[in-house]
Amino acid sequence: MPSERGPVCVSVINMKGGVGKTTIAALLGRHAAINNHRVLVVDLDPQANLSQAYMGNAYAQFLESEEPSIVEVFNGYRPPTADRESPTRLNPEETVREVFTDGTLSYIPSRFDFSDNLVRALKPDPQVLARYIADHFQSKDLVLIDCPPTESVFTRAAYHASRYVLVPVRPEYFATVGFPLLAKSLESFRIENPSHNIEVIGVVINNGFYDGGNDGGPEKRRAMQEILEEANKNGWHIFDNQIPHSRGFPKRMRGDRSHGGNSWRFPVFAGEFLRSLALEVDD
């Protein structure tokens, strides 16, 4: 049954690359689905790393196929193909792929030509994704949008579709370089869209600690102080639970739970995140 309030829509974004946005979005999707929530993950990044993580080796075949993706969502139709000699109406079910066979975890994949498709468009519509979710995915509990680390029509599309923003950050040199850019971007969006409520649900520290007593040393401590100061300046909450450094996360993104190292700690943060959205979590 659809939720009375519709899905909670969250963009995972930072205006700095390499902070783990895709990993976090992919794993949050899996964790929420395992906790009996109906989840849609949208790959809004032209690099399509989330799509590759969920598809694995099948991504190459997907690129060769004529199956629709986020490109067709923005275009609003399926183009003519070898089997169809005219444009056809886009069926929302055709744009969604399933990670779990029970339908609890779905995603809209991206393609490498996503950016080129929009650049060639005369005026890409940043409200397309919001309308698509409003029209077809109100039965979901959670929508996660994996965003590129730049200000663009993709960013605006994510904002229009979102109630909240989750900001991953690594405690390292230049950790907060993207914070002022994101704060300015969000403020500009709010000014242009005064009736749209969007806020930062929180900042999550990614690669925050290592097993074996290594706390990252003085560089991490300096970075953590900068993160705290910048987050406080913007009024952004910092989640209590950090995500540890782990080489097991790529395996978990693909659903492989063997030899995961300390990636088992991710659900601790995921539980805190879901509770902050008033979504139930199994203890």
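Derivation of every value follows stated rules applied to the coordinates shown; laboratory data play no part. Just so you know, these numbers come straight off a predicted model, no measurement behind them. Positions of Cβ are generated from backbone atoms using ideal geometry, with glycine treated the same way; all protein chains shown enter the neighbour counts.
The amide H of CYS9, built 1.01 Å from its N in the peptide plane, has VAL143, ARG163, TYR164 as neighbours under 5 Å, considering only residues 5 or more places off or on other chains. Length gained on full extension, ASP135 to PHE174: 10.0 nm, using 0.36 nm per residue less the C-alpha separation. If you take all C-alpha pairs in region 1-43, what percent of them are over 12 Å apart? In whole percent, the share of Cα-Cα pairs in region 1-43 beyond 12 Å is 65. The alpha-carbon positions of region 148-237 define a convex hull whose volume is 97 Å³ per residue. Along region 193-206, what does the Karplus equation 6.51 cos²θ - 1.76 cosθ + 1.60 (θ = phi - 60°) give for ³J(HN,Hα), rounded to whole Hz, x for Gly and Pro? My calculation for region 193-206 gives 10, x, 8, 9, 8, 9, 8, 7, 6, x, 10, 10, 7, 9 Hz in order. Loop-located chymotrypsin sites (Phe, Trp or Tyr not before Pro) in region 71-180 (DSSP state not H, G, I, E or B) with no more than 16 neighbouring Cβ atoms inside 10 Å: PHE100, PHE112, TYR173, PHE174.
Taken over region 29-99, the convex hull of the Cα atoms encloses 100 Å³ per residue. Note on region 83-182: the C-alpha convex hull projects to 9.4 nm² when averaged across all orientations. Backbone N atoms of region 77-116 closer than 16 Å to the 7 Å Cα→Cβ label point of ASP125 belong to residues 77-79, 88-92. Residues in region 184-192 carry Karplus couplings, in order, of 5, 4, 5, 5, 4, 5, 5, 5, 6 Hz; the curve used is 6.51 cos²θ - 1.76 cosθ + 1.60 with θ = phi - 60°, and Gly or Pro positions show x.
Across all directions, the average flat footprint of the convex hull enclosing the Cα atoms of region 32-72 is 3.6 nm². Relative contact order of region 34-117, taken over Cα pairs closer than 8 Å and 6 or more residues apart, is 44 percent. Need the list of aspartates and glutamates near LYS184 for cross-linking: C-alpha distance under 16 angstrom, and skip anything on the same chain fewer than eight residues off. Those aspartates and glutamates meeting the cut-off are GLU151, GLU192, GLU199, GLU230.
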